[in-house]
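What follows is one structure encoded as structure tokens, with my remarks underneath.
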Amino acid sequence: MNEHLKKDDIYNKKKANIEPFRFNHEVSQVFEDMISRSVPGYLTTLEMINAIGRSFINEGSNVYDLGSSLGALAFRLSADENIPGCNIYAIDNAPSMIEASKKQLFDRRKKGQIIHPIHFICEDIKDLELKSSSLILFNFVLQFLPPSERDAILKRCFNALTSGGALLVSEKVTYSSMSKNEKMQKLHHEFKRIKGYTDLEISQKRTALENVLISDDIDILTSRLHQAGFKEVHLWMQCFNFISLIALK
């Protein structure tokens, strides 16, 4: 984590009109701070995905980071000398995120931190032609896609994976029990308070995300993966209403 990262203060003042959340330039400038203070266990999730990925990446294969944001996962994989040689494709439809990622890529190359090549591509996931791959990553991204499009995208991921390949999915989810949903939400908000967010920031961010971030019920998400063709789906991490799954082909 960059000690000099810019603090997320987007919602710290009362807004007369709260626009729907977008991954624009303003967000890209504070995204690293925003996600680490908003998603419990985020840094551990990154570390574990990197560790799990080693088991599935084959020499010379393709790896996809779909919805790559600032490339946190892609950069970790690229710098890992214990991972077999591979091509990493980091895809995001936000030009500001891709632009910032490419600047990081330039700096990291100069420092010798890039072992496996990364290709940052600005494209909508639903329009992307997936090459044959051994590992595909969906890290807190599926929740931002229209629910009606999720099954088709997961099926395309399944078809692109080689036999024995894996899809790693991390998501904010809901539960069929209303009381459990409320408890998990309260715990999540308390986590954000501990991380320095005020009640005003929490409230305004929640309003901005309404109808933008649409969480699946955990059982529906698991069902989507099975329907896409994955023979095994396992929960490997959970913190409040945030989970990580591994789906095996």
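DSSP finds beta bridges in the chain, and of those with both partners inside it, around 40 percent are antiparallel. So which of LYS6/LYS172; LYS14/LYS195; LYS6/LYS111; LYS7/LYS155; LYS6/LYS110; LYS183/LYS205 end up more than 28 Å apart, counting from Cα to Cα? Going by Cα-Cα distance, LYS7/LYS155 fall outside the 28 Å limit. Each of the peptides 49-59, 202-212 was scored by the mean count of other Cβ atoms within 10 Å over its residues; in descending order, highest first, they stand as 49-59, 202-212.
The translational diffusion coefficient of the chain, from Stokes-Einstein at 25 °C and 0.890 mPa s with a Kirkwood hydrodynamic radius over alpha carbon pairs, comes to 131 µm²/s. Note on SER36: accessible area is roughly 20 Å² with a 1.4 Å probe, heavy atoms of protein only. Note on the chain: GNM, Cα springs under 10 Å; of PHE140, PHE106, PHE158, the largest mean-square fluctuation is that of PHE106. Binning at 5 Å from 0, report for segment 1-141 what percent of all alpha-carbon pair distances ends up in each bin. Spelled out bin by bin, segment 1-141 gives 2, 9, 18, 22, 21, 14, 7, 3, 2, 1, 0 percent. Its Cα centre serving as origin, segment 1-70 has a Cβ charge dipole (Lys and Arg +1, Asp and Glu -1) of approximately 340 debye.
Shown here: segment 1-42, whose C-alpha atoms stretch 33, 20, 18 Å along the first, second and third principal axes, sorted largest to smallest. Summing charges over all other residues whose Cβ lies under 12 Å from the Cβ of ASP127, with Lys and Arg as +1 and Asp and Glu as -1, gives -2. Taking all protein chains into account, the per residue accessible area for segment 138-224 stands at 48 Å² (1.4 Å probe). When the Gaussian network model of the chain links Cα atoms closer than 10 Å, the mean-square fluctuations of ASP127, ASP216, ASP33 top out at ASP127.
Rolling a 1.4 angstrom probe over the chain with all protein chains present gives an accessible area of which 50% lies on carbon and sulfur atoms.
Each peptide in 92-100, 76-84, 228-236 gets a packing score, the mean of other Cβ atoms within 10 Å over its residues, and the list from highest to lowest is 92-100, 76-84, 228-236.
The values are calculated or read from the model by the stated rules, or taken from the named source; none is laboratory data. Everything numeric here is computed off the predicted structure, so don't read it as measured data. Cβ coordinates were reconstructed from backbone atoms using ideal geometry, including for glycine residues, and neighbour counts include every protein chain displayed. Protein only, heavy atoms only, side chains kept; ligands, DNA and RNA dropped before computing areas. Shrake-Rupley method; radii C 1.70, N 1.55, O 1.52, S 1.80 Å.
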